[in-house]
1. Can you give the angle from 0 to 90° between the axis of helix 29-40 and the longest principal axis of the chain, with both taken from C-alpha atoms, to the nearest 10?
2. Place +1 on the Cβ of every Lys and Arg and -1 on the Cβ of every Asp and Glu in the chain, take the dipole about the Cα centre, and give the residue among Tyr169, Gln217, Gly124 whose Cα lies farthest towards its positive end.
3. Tilt of helix 149-169 relative to the longest C-alpha principal axis of the chain, in degrees (0 to 90, nearest 10)?
4. Between 0 and 90 degrees, rounded to the nearest ten: what's the tilt of helix 214-225 against the longest Cα principal axis of the chain?
5. In the Gaussian network model of the chain, springs joining C-alpha atoms below 10 Å, which of Gly109, Gly130, Gly209 carries the largest mean-square fluctuation?
6. Please list, in chain and number order, the residues 5+ apart from Thr184 or on another chain whose amide H is under 5 Å from its amide H, with Hs placed from the backbone.
7. Given H placed 1.01 Å from N in the peptide plane, which residues other than close sequence neighbours of Leu237 have an amide H under 5 Å from its amide H?
8. Starting from the Cα of Thr244, step 7 Å along the direction of its Cβ; do the same at Ala187; then give the gap between the two resulting points in nm.
Amino acid sequence: MTTTEGGTDGDVFGRLDGRVVLVTGAASGIGAASMRLFRAVGAEVVGVDLTPGEGIVQADVSDPAQVAEVVDAVAARHGRLDVVHGNAGVNVPGRPHSLTDADYRRVMGVCCDANFYLVRSAVGHMRADGGVFVFTSSMCGVAATPRSPVYNMAKHALIGLAQSVAVDYGAQGIRAVALVTGPTHTAMVDELWPPGPLRDSLAATTSAGRLATPEEQARAAVFAALPGSSFLTGCALTVDGGATAGWNEMARTMLTLKAV
């Protein structure tokens, strides 16, 4: 994983044959697409989610003991761990005064704390040969969306975590990238932005006037982890279809809705 070379014969980014990838939030959406596409470039992939599925280990990623157990088990079974895609996410909408301590802990636990636990547990398995962390941040990590204060905090933190990993472990060949994902058609979007004016305003922030597919975001995760991306680290990789350029349009639309 420490190579600075990509592939050959036009395959400038290389493949991940023989590498082991761990993906959280793997049962649906971006995580499920990430599992499929990492396999397509040759990797052995293990998913983690509360929801069962093929190739998925059931675990609560907000629990540090469960994260450590899963990471150690994957490394022991496969003899290595090369890439971790921290993708699990959840949101509880509301303004700060309306959110409970339980709401706060749920969102921070899954979206932020879980990724710290992944780093803490996985770096020991990577330091000999290097590795890559890819964190699914969000455009909420660079600009706040209304009525998502804890989610905004958590997604901002993932960019800082990617930078910290790059600084602290770069000498061991470990890279980290935070994906600034834009509006994407996932189960969470279906729940929080149902079809109608709010969904339309979300899609309208992108240049294409549509939501991304989970596969479009997963391709970015795979790209960040490939050997040919060896100088990509400590950064936010924006995959938002131009949405941050139109963020205020969506925010204005959301602020016209009934306050939570």
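1. 20 degrees
2. Of the listed residues, the answer is Gln217.
3. Tilt of helix 149-169: around 20 degrees.
4. Between helix and principal axis, roughly 40 degrees.
5. Among Gly109, Gly130, Gly209, the largest GNM mean-square fluctuation belongs to Gly209.
6. Hits under the 5 Å cutoff: Ala212.
7. The answer is Ala178, Leu179, Val180.
8. 2.9 nm
Bear in mind that the values in this text are calculations on the coordinates, not laboratory data. For clarity, every value in this text was computed on a predicted model and none was experimentally measured. Here the Cβ is made from the backbone with ideal geometry for all residues, glycine too, and neighbour counts use every protein chain on show.
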